[in-house]
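Below is one structure; the comments refer to it alone.
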Amino acid sequence: MTVPLLEVRNLRVEFPTRRGTLVALDDVSFSIAPGEVLGVVGESGAGKSMTGAAIIGLLEPPGRIAGGQILLNGRRIDNLPYAELRRIRGREIGAIFQDPLTTLNPLYTVGRQLVETMTTHLPLNPAQARAKAIEWLELVGIPAASQRIDSYPHEFSGGMRQRVVIALALCAEPKLIVADEPTTALDVSIQAQVIALLKSLAREKGTSMMLVTHDMGVIAETADRVAVMYAGRIVEIGAVRRVVQHAAHPYSSGLMGSIPPVGRRLDRLQQIDGAMPRLSAIPRGCPYNPRCPQVFDRCRVERPELMPAEGNLAACWLYDGAPQHA
Amino acid sequence: MFAFIVNRLLQALPVMLTVSLLSFAMFAYVGDPVAIMLGQDYTIAQRDALIADLGLDQPFFVQFGKFVWNALQGEFGLSYRLSRPVAQLIVERAPATLELALCAAFLALAVGVPMGVYTGLYRHSWLSRFFLTFSLIGVSLPTFLIGILLILVFSVWLGWLPSFGRGDTVNLGWWSTGLLTWSGLKALILPSITLGLFQLTLIMRLVRAEMMEVLRTDYIKFARARGLTNRAVHFGHALKNTLVPVITITGLQLGAIIAFAIVTETVFQWPGMGLLFIQSVGVADIPVMSAYLLLIALMFVTINLIVDLLYYAVDPRLRIGRGKGAH
């Protein structure tokens, strides 16, 4: 296997509060190879976005990385001073946020925001950067880019603004994109377009992507591998096809079961009973044990690590010592 | 843009007319000008002659019309106290007040905005805590007390700065300025601080609150995620987004500084319009009072217009001829 572009090892994120320390991410490990798209799914509050924020070094205080390492091209970036990390953001790791209506500064033209991003990271003078900015707007599918470059964000529709955000995230040609629910705030009809654009640009530029979403359809279509998160931990990780078709962890199979099938009538959608535990009350043992249909005694006492299961890796005692599939 | 200005001017018209009515009403209801002008001993004939002379026997609307017409030409009659044209008195005094007010406003902005940015960015540093404590003094101590304390320290104890007056002035046409002489500048320091301290702390607290608000927004997070320098994020993106409320408050406060320079001018015996006004109130010098009232109203209207125009300069979303908005 080639050297991973991004490697996250045993990442732990804590929030010190008055009523004790909350552990928002615990023992999160994964890697992303060059050109690979890793999907990250899970319920709200499972720690998907937090993982993304930790990678780009923008955890909301008082949240902090309390343990583990983040390596980019084999170099640790989780302990860099702010000024050095800044040079990595945008240049080596680009970010796309959820709501395009609020991620653009309303007081500056989109052109100015593109130009300032490029001149910060690339050896371009403002005129060259402006020419590049027009190219980028064309590339993300903004019609009449050379005129629209001097428009303000409020003069674009939501879908168009997310295209501008994509251009902004990619314009300094980073090797990795952290896309945090890039389509959640968009109309359904626009979502597919934006995902297709993101996918084709990533492939064209050879950019790796960490795609955070709770839309399994988007993952199935876009990602190479998928990580399922629950209560701040990765409970299953593996190739998309295998996870979708043969989810090993009972939580993942519950998630997959709650996707309505296309072309087949279904009277009731399957649902997972109960709710994810609050960070202050994560149960002992496997955090999923109170909701798990296949729970047994060991789950309530001991916490499972990721172990081979159904060709993926799953954190579930069902697979401890179980015979391995190929 | 032109249509907008015309529209605003038309809106200002009723405001100015209402204020005119009030300042005109002063003549009728505050004291009796005839009694004041005639003094203790007079005959009925003298009194009637004066009433006819002043036009006080004419119907109300004719008198009001005349008043407005004269006011439009800058004609406010004679001061009872000084027996000189009011317009002339005000023109003599205006430069002193305007210089003082602008210095105070400049001080408030030049110190208040950076302090606000700093305390907004570094909320927990000891310097921020010090600034905030200091701002409580500015907000809660009354102006006259601050003035007197400053005089005590810098004029009486240390003897560095003059305690009253404007120092030497230079005439540039009709405008007399204290900005060009050393003693004039020295005389300006204490009154400017006294007058501007409250606005300074107000602006600081406002900028701080707005900065804290803006720093939480997604576009600031996104600007950081794009790897922009702190300088670009804080001053280019964050500060500019705090400007609309800051401009509003600064504009209103500038009006307030000019209008309520009275206390500061009294404490420092500053020869400006406020001192003129307070001296006129003492002897019910109604022409001066009513002209002052009108002038201040005009200033507020003008400042509001400028503030509205500045909004357009700062925020593209407000500009006329907006493009197709979202959705």
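The values are calculated or read from the model by the stated rules, or taken from the named source; none is laboratory data. The structure presented is a predicted model; accordingly, all values stated were derived computationally and were not measured. Glycine also receives a Cβ, built like all others from the backbone with ideal geometry; neighbour counts cover every protein chain displayed.
Find all pairs meeting these conditions: Cβ atoms under 8 angstrom apart; at least six residues apart or on different chains; first residue within the stretch A:166-183 and on the phi > 0 side of the Ramachandran plot; second residue part of a helix (DSSP H, G or I).
A:173/A:205; A:181/A:49
So is residue B:99 over 22 Å from residue B:198 (Cα atoms), at pLDDT 85 or above and either outside the structural domain of residue B:297 (by TED's automatic domain parsing) or not aromatic (Phe, Trp, Tyr) (or both) or not?
When the stated conditions are applied, residue B:99 does not pass them.
When the stretch B:239-267 is examined, which residues are found to be within 9 Å of chain A (Cβ to nearest Cβ) and of a type in the set (A, V, I, L, M)?
Hit for the stretch B:239-267 is B:243, nothing else.
Does residue B:164 qualify as being crowded, with 17+ Cβ neighbours inside 10 Å and in the same structural domain as residue B:104 (by TED's automatic domain parsing)?
Judged against the criteria, residue B:164 is not a match.
A quick yes/no check of all residues on (1) among the basic types (Lys, Arg); (2) over 25 Å from residue A:189 (Cα atoms):
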residue: A:208; (1), (2): no, yes
residue: A:224; (1), (2): no, no
residue: A:244; (1), (2): no, no
residue: A:256; (1), (2): no, no
residue: A:265; (1), (2): yes, no
residue: A:270; (1), (2): no, yes
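Looking at (1) surrounded by 23 or more Cβ atoms within 10 Å (Cβ to Cβ); (2) part of a helix (DSSP H, G or I), which is the only condition residue B:243 fails?
Exception for residue B:243: condition (1).
Out of B:238, B:187, B:223, I need the residue that is surrounded by 17 or more Cβ atoms within 10 Å (Cβ to Cβ), over 28 Å from residue B:301 (Cα atoms) and touching a Lys or Arg at 6+ places or on another chain (Cβ under 6 Å). Which one? Spell out how you get there, then give the answer.
Working: B:238 fails: touching a Lys or Arg at 6+ places or on another chain (Cβ under 6 Å); B:223 fails: touching a Lys or Arg at 6+ places or on another chain (Cβ under 6 Å).
That would be B:187, the only listed residue that is surrounded by 17 or more Cβ atoms within 10 Å (Cβ to Cβ), over 28 Å from residue B:301 (Cα atoms) and touching a Lys or Arg at 6+ places or on another chain (Cβ under 6 Å).
Looking for something farther than 27 Å from residue A:54 by Cα and out of contact with any Leu (no Cβ under 7 Å at 6 or more places or on another chain) - is there at least one such residue anywhere in the stretch A:168-175? Outline the logic, then answer.
To start, the set of residues in the stretch A:168-175 that are farther than 27 Å from residue A:54 by Cα comprises none.
No: zero hits.
Might you check whether a residue that is buried (at least 18 other Cβ atoms within 10 Å of the Cβ), among the aromatic types (Phe, Trp, Tyr), over 30 Å from residue A:26 (Cβ atoms) and within 14 Å of chain B (Cβ to nearest Cβ) occurs anywhere in the stretch A:93-105?
no
Return the pair list, or none, for Cβ contacts closer than 7 Å from residues in the stretch A:12-32 that are free of Cβ contacts under 8 Å to residues at least 60 places away in the same chain to residues that are part of a strand (DSSP E or B) and of a type in the set (Ser, Thr, Tyr), at least 6 apart or on different chains.
Here the result reads A:14/A:21, each pair linking the stretch A:12-32 to a residue that is part of a strand (DSSP E or B) and of a type in the set (Ser, Thr, Tyr).
Can you name the residue in the stretch A:133-167 that is closer than 29 Å to residue A:55 by Cα and facing chain B (nearest Cβ under 9 Å) and is also surrounded by the most Cβ atoms within 10 Å (Cβ to Cβ) among such residues?
To start, the set of residues in the stretch A:133-167 that are closer than 29 Å to residue A:55 by Cα comprises A:133, A:135-137, A:139-141, A:153, A:158-167.
Within this subset, residues satisfying the condition of being facing chain B (nearest Cβ under 9 Å) are A:153, A:158, A:160-161, A:165.
Values: A:153: 25, A:158: 17, A:160: 24, A:161: 23, A:165: 28.
Ranking the candidates gives A:165 first.
Do you know which residues across the stretch B:93-109 are surrounded by fewer than 21 Cβ atoms within 10 Å (Cβ to Cβ) and closer than 13 Å to residue B:174 by Cβ?
We begin by selecting, within the stretch B:93-109, every residue surrounded by fewer than 21 Cβ atoms within 10 Å (Cβ to Cβ); these are B:94, B:98, B:102, B:106-107, B:109.
The answer is B:94, B:98.
Tell me, which helices (runs of 4 or more DSSP H) wholly within the stretch A:18-132 include 2 or more residues that are closer than 29 Å to residue A:4 by Cα and touching a Gly at 6+ places or on another chain (Cβ under 8 Å)?
It comes to A:48-55, A:82-88, A:110-121.
Would you confirm, using the coordinates I've provided, whether residue A:167 is of a type in the set (Gly, Ala, Ser) and over 15 Å from residue A:104 (Cα atoms)?
In short, no.
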